[in-house]
Amino acid sequence: MDEGHPKEQPAEHRTRSWWGWGWCEEALPDAECAALGALLPGLPADPLPVPRVADLDLPVPAVTVPAPLAPLVTADPADRAAHALGKAYRDVVRALHRTPARVPDLVARPRSEQDVADLLDWAGRTGTAVIPYGGGSSVVGGVEYRGEAHPAVLSLDLTRMDQVLEVDRVSRAARVQGGVLGPHLERQLRPHGLTLRHFPQSFEFSTLGGWLATRAGGHYATLHTHVDDFTESLRVVTPIGVNSSWRLPGSGAGPSPDRLFLGSEGTLGVITEAWMRLQDRPVHKASAAVLFPSFEAAAEAVRVLAQSGLHPANCRLLDRGEAAFSGAAADGSTVLVLGFESAHTPVGGSLAAAVSLARDHGGRPAPEPAGARGAVDSWRAAFLRMPYQRDALARMSGIVETFETACTWDRLPALYEAVRAETAAAVKEVTGAEGLVNCRLTHVYPDGAAPYFTVIAAGRRGAELRMWDEVKAAAMEVLGRHRATVTHHHAVGRDHRPGYDRQRPEPFARALGAVKSALDPQGVLNPGVLLG
Ligand SMILES: Cc1cc2nc3c(=O)[nH]c(=O)nc-3n(C[C@H](O)[C@H](O)[C@H](O)COP(=O)(O)OP(=O)(O)OC[C@H]3O[C@@H](n4cnc5c(N)ncnc54)[C@H](O)[C@@H]3O)c2cc1C
């Protein structure tokens with residue numbers, strides 16, 4: 001199995017959770033929630049009940065659409081509730097307490113680019129806010145409406161536009177509709193022997209359009225870390241017309257039109273199609289884990305590795321807390337999970353070279369697994385199960401959430417120490433007890449790394465959201481002070497606006513505002529995200 005790439009299972013007989021991660025059938029039962037909660041002192045003995053749509057007091061939709069659009073639109077309560085929130089911890093908590101954000105009045109499922117254009121036209125005429133929606137896996141408030149300015153809200157669900165329309169085997173690229181979910185995309189590419197090989201942890205429940213709109217990070221830890229790297233051209237429906245860029249392997253013709261829409265988070269247009277660069281499916285794979293006595297020694301090894309030209313596909317560095325939590329090492333070691341892959345050449349030599357380099361910096365290869373799971377498998381299994389466990393702990397009123405950033409190597413040690421210390425202090429102050437603040441490096445570059453932090457603490461029932469918001473604000477303050485990005489790949493959404501506003505240069509902010517006014521003159525596309 002690929003790192004972060006869940007094994008595909010048939011979707012029949014399974015139901016998507018409207019309030020939590022993934023499939024209802026995969027959620028932890030009450031007894032397992034309670035057992036998990038018992039690991040954190042001070043939590044209640046029983047989980048919050050699984051929320052039911054029937055218990056939500058949904059307002060009557062504030063609008064109806066004209067007859068020609070009616071077949072595209074639903075006001076079904078379950079659909080509306082499922083499209084009200086993303087899948088962050090704070091979304092799950094709000095759903096558990098039956099206090100979701102403003103629920104969209106309608107959910108539309110266009111089947112074609114013309115449908116999208118017609119819906120945007122109608123929204124512009126009526127002032128209806130439009131929230132483009134792919135898999136709804138946003139963890140930054142990207143798919144919820146906050147505010148009062150718009151008389152009605154439409155969630156624009158793209159998942160019916162889910163086809164690979166064309167494959168160019170010669171250039172190794174494909175024209176793909178934006179609403180395709182990860183597994184369905186890979187299923188369509190497999191007969192051609194090709195793969196996009198972009199596997200964010202949310203792969204199973206997120207779409208190509210969502211990845212492009214948020215500049216998602218995949219499982220590649222080096223080189224092709226973001227989906228941007230696989231993007232050849234884009235087709236975007238904006239309120240003033242379709243923006244379609246040429247297919248090019250590279251171009252120096254002025255600022256890139258694709259760069260304008262990559263990361264635009266549904267504020268400038270709806271990504272309906274993209275030509276994506278593909279790869280042959282890898283057949284050579286090798287992985288290993290290396291144990292280090294300290295995070296500092298391991299980070300230095302990873303820096304040298306990132307600058308070596310070896311380009312491991314996987315290069316996850318788990319600090320001692322993260323390694324212990326995931327079961328990758330129980331002895332207090334820091335763990336480096338390494339993986340190489342290629343469609344063309346054996347990779348054993350590259351892995352041996354990387355392990356040798358790690359040894360030079362104080363690492364020792366983890367023992368081969370004998371019957372029990374090795375460090376690599378343990379980490380991978382924990383990685384895939386984590387979102388379900390997060391929901392289980394949320395039901396116990398635990399606080400469990402992640403945030404991520406990036407900075408250059410020269411600043412990494414100070415950033416790592418400051419974030420851990422100040423976030424831990426905030427947890428203690430807010431909850432009155434110690435919590436866990438663990439870290440892993442998810443992506444590494446020759447000039448820096450992307451640390452990804454996990455916070456686990458005991459919350460107080462009914463106050464979980466306020467507690468997490470205070471902890472997160474403290475953590476974001478440290479990032480801003482260290483000039484580390486407010487997000488390496490989770491996007492800006494509504495939650496990261498303060499940090500984003502601080503990070504982006506003022507002339508750029510004004511230019512982006514002008515672009516928004518030009519492309520979306522009625523201001524209906526995802527208001528409050530990035531701008532406004
Ligand atoms: C458990 C979990 C694990 C995650 N792991 C990763 C990870 O490994 N890497 C990573 O980068 N992110 C990760 N995320 C965050 C999230 O999955 C990504 O942001 C993802 O790219 C969102 O895709 P989506 O299709 O779900 O988009 P949505 O959540 O539906 O939308 C996200 C944003 O994109 C906009 N949008 C969606 N589709 C379109 C479109 N076609 N045109 C224009 N705008 C659009 C929306 O309006 C919104 O602003 C994770 C989230 C969860 C809950």
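Run Ala70 past the list (1) touching a residue at least 12 places away in the same chain (Cβ under 8 Å); (2) more than 9 Å from the ligand (Cβ to nearest atom); (3) of a type in the set (Gly, Ala, Ser) and report the number of the one that doesn't hold.
If we test Ala70 against (1) touching a residue at least 12 places away in the same chain (Cβ under 8 Å); (2) more than 9 Å from the ligand (Cβ to nearest atom); (3) of a type in the set (Gly, Ala, Ser), just (1) comes out false.
List the strands (runs of 3 or more DSSP E) inside the range 251-333, counting only whole elements, that have at least 2 residues being surrounded by fewer than 23 Cβ atoms within 10 Å (Cβ to Cβ) and within 22 Å of the chain's Cα centre (by Cα).
Strands (runs of 3 or more DSSP E) meeting the threshold: none at all.
Name the single residue, out of those in the range 363-385 being modelled with pLDDT of 90 or more and surrounded by 17 or more Cβ atoms within 10 Å (Cβ to Cβ), that is farthest from Gly42 (Cα to Cα).
Within the range 363-385, the match that is farthest from Gly42 (Cα to Cα) is Gly363.
Could you tell me whether any residue of the range 113-120 is surrounded by fewer than 24 Cβ atoms within 10 Å (Cβ to Cβ), outside any helix (DSSP H, G or I) and away from the ligand (no atom under 14 Å from the Cβ)?
No, that holds for no residue.
How about the range 351-404: which of its residues are of a type in the set (D, E, K, R) and closer than 20 Å to Glu322 by Cβ?
If the condition is that a residue be of a type in the set (D, E, K, R) and closer than 20 Å to Glu322 by Cβ, then Arg364, Arg373, Asp377, Arg380, Arg385, Arg390, Asp391, Glu401, Glu404 are the ones that fit.
I'm trying to understand the selection: among the residues of the range 382-396, which are within 15 Å of the ligand (Cβ to nearest atom) and either of a type in the set (A, V, I, L, M) or not in a helix (DSSP H, G or I) (or both)?
Once the filter is applied, which keeps residues that are within 15 Å of the ligand (Cβ to nearest atom) and either of a type in the set (A, V, I, L, M) or not in a helix (DSSP H, G or I) (or both), the range 382-396 yields Ala382, Leu384, Met386, Ala392, Leu393, Ala394.
Return the pair list, or none, for Cβ contacts closer than 8 Å from residues in the range 37-48 that are without any contact (Cβ under 8 Å) to a residue 12 or more places away in the chain to residues that are surrounded by 16 or more Cβ atoms within 10 Å (Cβ to Cβ), at least 6 apart or on different chains.
Correct list of pairs: Ala45/Ala34; Ala45/Gly37.
If only one of Ala62, Ala95, Ala45, Ala34 is part of a helix (DSSP H, G or I) and surrounded by fewer than 21 Cβ atoms within 10 Å (Cβ to Cβ), which one is it?
Ala34
Look through the range 210-241, keep the residues that are over 23 Å from Thr485 (Cα atoms) and not in a strand (DSSP E or B), and return whichever of them is farthest from the ligand (Cβ to nearest atom).
Residue satisfying both the conditions and the ranking: Ile240.
What residue, of Val478, Val471, is under 23 Å from His496 (Cβ atoms) and either free of Cβ contacts under 8 Å to residues at least 12 places away in the same chain or surrounded by fewer than 24 Cβ atoms within 10 Å (Cβ to Cβ) (or both)?
Val478
Does Ala84 fit the bill of being touching a Pro at 6+ places or on another chain (Cβ under 6 Å) and either under 29 Å from Gly459 (Cβ atoms) or assigned to a loop (DSSP other than H, G, I, E, B) (or both)?
yes
I'd like to verify a number: residues in the range 242-261 that are within 16 Å of the ligand (Cβ to nearest atom) and over 21 Å from Val167 (Cβ atoms), how many?
Of the residues in the range 242-261, 6 are within 16 Å of the ligand (Cβ to nearest atom) and over 21 Å from Val167 (Cβ atoms).
Any chance you could count how many residues in the range 487-522 are over 24 Å from His226 (Cα atoms), free of Cβ contacts under 8 Å to residues at least 12 places away in the same chain and not small (Gly, Ala, Ser)?
3
Please go through the range 484-532 and give me each residue that is part of a loop (DSSP other than H, G, I, E, B), more than 11 Å from the ligand (Cβ to nearest atom) and among the small types (Gly, Ala, Ser), ordered by number.
Across the range 484-532, the qualifying residues are Ala484, Gly523, Gly532.
Of everything in the range 125-144 that's among the aliphatic types (A, V, I, L, M) and either part of a loop (DSSP other than H, G, I, E, B) or within 6 Å of the ligand (Cβ to nearest atom) (or both), which residue is nearest to His83 (Cα to Cα)?
By that ranking, first place goes to Val143.
Would you call Glu204 over 30 Å from Gly124 (Cβ atoms), near the ligand (Cβ under 10 Å from one of its atoms) and either in a strand (DSSP E or B) or modelled with pLDDT of 95 or more (or both)?
Here the answer is yes, as Glu204 does meet what is asked.
The values are calculated or read from the model by the stated rules, or taken from the named source; none is laboratory data. This one's a predicted model, so the numbers in the text were calculated from it and none came from an experiment. Ideal geometry is used to build each Cβ from the backbone, glycine not excepted, and the neighbour counts take in all protein chains shown.
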